[in-house]
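Undergrad: Questions regarding the structure given below will be posed in turn.
The values are calculated or read from the model by the stated rules, or taken from the named source; none is laboratory data. Remember, it's a predicted structure, so these values are computed and weren't measured experimentally. All Cβ positions, glycine included, derive from the backbone under ideal geometry; neighbour counts span all protein chains shown. Surface accessibility is based on the protein's heavy atoms, side chains included, excluding ligands, DNA and RNA. Shrake-Rupley method; radii C 1.70, N 1.55, O 1.52, S 1.80 Å.
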Amino acid sequence: MLMNVEDIKEYLPQRYPFLLVDRVVEMELGKSIVAYKNVTVNEPFFEGHFPSQPIMPGVLIIEALAQAAGVLGFKSQEKKPKDGFLYYFVGADDVRLRRPVVPGDRLQLEAEIIANKRGIYKFACRATVDGELVGTMTIMCAERKVDVN
């Protein structure tokens, strides 16, 4: 299953400059997702992190993985933000970041559902660049119904 950025925007409420998933290249509903983020030199965070040696902040790697996991959760249940559903990031455990992500990298984002109880999802996540491990973590998201005006 493939999704481009316009398809992804149907399932995530984030928008530029905070939408961190560019494409979904694999998805098994209710199980796993593989997506990616193209990291470009004109990302707004590079202006201050760090101008002479730009690296993607680790918290944004975590956020990118959480967004990929959110797409998987939403798509698996065919729920969308426009229908009044959001997935809130509620935690990350066992976070390990192993290498910096720099302009020109294609950050591959992988998430697998390991638990879903009463709207609380737990995902095993990993990020890589060119097959080299960037980081691993367990991410938790909570599904919430919100008012849509």
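Undergrad: Going through region 14-41 one residue at a time, which ones are open to solvent by less than 80 Å² (accessible area, probe 1.4 Å), closer than 21 Å to Gly84 by Cα and more than 12 Å from the chain's Cα centre (by Cα)?
TA: Within region 14-41, Gly30 is the sole residue that qualifies.
Undergrad: Looking at region 101-125, which of the residues that are in contact with a helix residue (DSSP H, G or I) (Cβ under 9 Å, 6 or more places away or on another chain), assigned to a strand (DSSP E or B) and open to solvent by less than 40 Å² (accessible area, probe 1.4 Å) is nearest to Gln53 (Cα to Cα)?
TA: Leu107
Undergrad: Further, regarding this structure: Only one of Pro51, Pro57, Pro44 is of a type outside the set (Val, Ile, Thr) and open to solvent by less than 50 Å² (accessible area, probe 1.4 Å); which?
TA: None of the others qualify; the one that does is Pro57.
Undergrad: May I ask you to list the residues in region 126-137 that are open to solvent by 40 Å² or more (accessible area, probe 1.4 Å) and either under 15 Å from Leu20 (Cβ atoms) or among the charged types (D, E, K, R) (or both)?
TA: Arg126, Asp130, Glu132
Undergrad: Of all residues in region 113-136, how many are under 12 Å from the mean Cα position of the chain (by Cα) and of a type outside the set (Gly, Ala, Ser)?
TA: Residues that pass the stated criteria total 3.
Undergrad: Could you please let me know if Met56 is outside any helix (DSSP H, G or I), in contact with a His (Cβ under 9 Å, 6 or more places away or on another chain) and closer than 25 Å to Glu132 by Cβ?
TA: Working: outside any helix (DSSP H, G or I): yes; in contact with a His (Cβ under 9 Å, 6 or more places away or on another chain): yes; closer than 25 Å to Glu132 by Cβ: yes.
So Met56 passes the test.
Undergrad: With free of Cβ contacts under 8 Å to residues at least 12 places away in the same chain, surrounded by 13 or more Cβ atoms within 10 Å (Cβ to Cβ) and basic (Lys, Arg) as the only criterion, which of Lys9, Lys75 stands out? Break it down into steps so the answer makes sense when it comes.
TA: Values: Lys75 fails: free of Cβ contacts under 8 Å to residues at least 12 places away in the same chain.
Sole residue among the options that is free of Cβ contacts under 8 Å to residues at least 12 places away in the same chain, surrounded by 13 or more Cβ atoms within 10 Å (Cβ to Cβ) and basic (Lys, Arg): Lys9.
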